[in-house]
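Report on the following structure.
No lab work stands behind these numbers, since they all come straight from the coordinates. Here the structure is a predicted model, which is why all the values come from computation and not from measurement. Please note: Cβ atoms are built from the backbone with ideal geometry, for glycine as well, and neighbour counts cover all protein chains shown.
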Amino acid sequence: KEEGLARPTHSTVSDAHLSLSINPCISLLALQSSTDKSVAVGFGVSGSEQAKLIKSWGAEGVIVGSALVKQLGESGSPEQGLESMGALLKELREAL
């Protein structure tokens, strides 16, 4: 695929505690059929189970933001936060 990334700007998944629904899957299929770019899904991805589900839909990646910031913010120190972020990233990479 050509360089670049296609990312939908709207999703029904907006909270890290909500489970993912079938609607993003339909949107993903529609987006993939209209572009030759890699497609990644985000908005509420917070763990490996969600990443695995998104991969099963055919996405080539996941976008994780707030879950990483949460790891940093809830830690006792910046060093612990970075360690927690690294552990989450490792878990997500292994899921994909």
- prompt: What list of ³J(HN,Hα) values in whole Hz, one per residue of the range 59-71 in order, does the Karplus curve 6.51 cos²θ - 1.76 cosθ + 1.60 (θ = phi - 60°) give from phi, with Gly and Pro shown as x?
  reply: 5, 9, x, 10, 10, 10, x, 5, 5, 6, 4, 4, 4
- prompt: Non-local amide H neighbours of V41 (under 5 Å, H modeled in plane, Pro and chain starts lacking H): which ones?
  reply: G61, V62, I63
query: So how do 37-44, 60-67, 73-80, 88-95 stack up, highest first, on mean other-Cβ count within 10 Å?
result: 37-44, 60-67, 88-95, 73-80
